[in-house]
Amino acid sequence: MIFDPQKQNALTLKTKTDDLMQVILYSDQHLQKTLIAEDLDVPIVFEDDAVIVFNKPSNMVVHPVKSAQRGTLVNFLIYKFQDTLPITYDRFRPGIVHRLDKDTSGLIIVAKTKLSADSLIKQFKSRKVKKVYLALCIGNPLENLSKIIGKPGINILEGDILEVKTNIKRNKINREMMEVCADGGRLAISRFTVQTVYDLGKNRKLSLVNCEIETGRTHQIRVHAKLIECPIVGDNLYQLRRKEDFDVKKTILPLLDGKRSRQMLHARELSIVHPDSSKTLVFQGILPYDFSNLISNLSKYKTS
């Protein structure tokens, strides 16, 4: 149901609790304007008549918001497809069935038909979509188990997989942040596997971590990485403010080729059931230059 305060004769619909998926209130007059089509550089991984998969660059918002109404993925979708994409949650999100944070790069799938949109939304909601991310984290969680394993929701599984299962809600003071909570919120499940460890010396380490998420909550991986005391490199919102964290930042700054350090988080793998063929498709997204270049520059510190 969409409510537009500018329309005095707004349509009122009666719904049951189970039918109500999302209510959107448009109070920002700027978002009433027509979306602007923009020809942007967004690499395409796969496309057919039903879906299109992009390898989204970092520093790109998925859909227009008050603070970003140009340069978003939706602006590019309007340029490429005009008005042919199905409206999913509202008219500012044509074809959008899930999202990535602005500075998170990687795979995002867009529906090209109403049928595929309905199918994909259902798959995401029922946790049928496999989502694997690559993150560069400060520290090594497997060397810190004695400190973190006692926290509620953290368990070590077979194969040294670190599972984090907690509820997450928005922080009441800083509305940009999410936080782990004991009551309320929504369930978030993440599984971390350490792939490579880099020893920078002086008790400073980095870990290249695979993270498979069963749910898709806002900032989920970033919140859980902080909970296991291995925040993502470049994530200023969820940093721990420890001395060793600042020391790590100073060490890797020269390895970034003068570029700003964004959160080193990349959606590397996405697996869906195709809405038309019912075949399982697995997509992989190539690491962007800033991430791959940093990993390459860190190779001399590699220990495992």
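Test of understanding: among ASP101, ASP160, which residue is of a type outside the set (Phe, Trp, Tyr), touching a Leu at 6+ places or on another chain (Cβ under 9 Å) and more than 25 Å from ILE272 (Cα to Cα)?
ASP160
Identify all residues within segment 171-188 that are surrounded by fewer than 21 Cβ atoms within 10 Å (Cβ to Cβ) and assigned to a strand (DSSP E or B); write none if there are none.
GLU179, VAL180, CYS181, ARG186, LEU187
State the number of residues belonging to segment 99-122 that are surrounded by fewer than 20 Cβ atoms within 10 Å (Cβ to Cβ) and either in contact with a Phe, Trp or Tyr (Cβ under 7 Å, 6 or more places away or on another chain) or in the same structural domain as ILE232 (by TED's automatic domain parsing) (or both).
0
In the set GLY159, GLY106, which member is at positive phi, part of a strand (DSSP E or B) and in contact (Cβ under 8 Å) with a residue 24 or more places away in the chain?
Just a single option satisfies the conditions, and that option is GLY106.
Give the number of residues within segment 90-124 that are among the polar types (S, T, N, Q), more than 13 Å from the chain's Cα centre (by Cα) and under 24 Å from ARG222 (Cβ atoms).
Looking only at that region, the number is 1.
With respect to the numbered conditions (1) in contact with a Pro (Cβ under 9 Å, 6 or more places away or on another chain); (2) over 15 Å from ILE232 (Cα atoms), which one is the sole condition not fulfilled by GLU158?
(1)
Go through the residues of segment 74-82 one by one and say whether even a single one is more than 20 Å from LYS102 (Cβ to Cβ), modelled with pLDDT of 90 or more and either under 21 Å from the mean Cα position of the chain (by Cα) or surrounded by fewer than 14 Cβ atoms within 10 Å (Cβ to Cβ) (or both).
Looking for residues that are more than 20 Å from LYS102 (Cβ to Cβ), modelled with pLDDT of 90 or more and either under 21 Å from the mean Cα position of the chain (by Cα) or surrounded by fewer than 14 Cβ atoms within 10 Å (Cβ to Cβ) (or both), one finds at least one in segment 74-82, hence yes.
Within segment 125-138, track down each residue that is surrounded by 18 or more Cβ atoms within 10 Å (Cβ to Cβ) and over 13 Å from the mean Cα position of the chain (by Cα).
Residues satisfying the conditions are VAL129, LEU136, CYS137, ILE138.
Say whether the condition of being at pLDDT 75 or above, within 20 Å of PHE124 (Cβ to Cβ), small (Gly, Ala, Ser) and outside any loop (DSSP other than H, G, I, E, B) is met by at least one residue in segment 46-65.
No, segment 46-65 has no match at all.
Give the number of residues within segment 131-154 that are hydrophobic (A, V, I, L, M, F, W, C) and either in a strand (DSSP E or B) or within 13 Å of HIS266 (Cβ to Cβ) (or both).
Qualifying residue count for the region: 7.
Go through the residues of segment 80-98 one by one and say whether even a single one is part of a helix (DSSP H, G or I) and in contact with a Phe, Trp or Tyr (Cβ under 8 Å, 6 or more places away or on another chain).
Taking every residue of segment 80-98 in turn, none turns out to be part of a helix (DSSP H, G or I) and in contact with a Phe, Trp or Tyr (Cβ under 8 Å, 6 or more places away or on another chain).
Residue under question is GLN263, and the condition is that it be surrounded by fewer than 18 Cβ atoms within 10 Å (Cβ to Cβ) and not acidic (Asp, Glu); does it hold?
When the stated conditions are applied, GLN263 does not pass them.
Given the residues ASP276, ASP235, ASP245, which is the only one that is of a type outside the set (Gly, Ala, Ser), assigned by TED's automatic domain parsing to the domain that holds LEU145 and surrounded by fewer than 20 Cβ atoms within 10 Å (Cβ to Cβ)?
Only one candidate passes the filter, namely ASP245.
The values are calculated or read from the model by the stated rules, or taken from the named source; none is laboratory data. These numbers were taken from a predicted model, which means no experiment stands behind them. With ideal geometry, Cβ positions are generated from the backbone for all residues, glycine too; neighbour counts draw on all protein chains shown.
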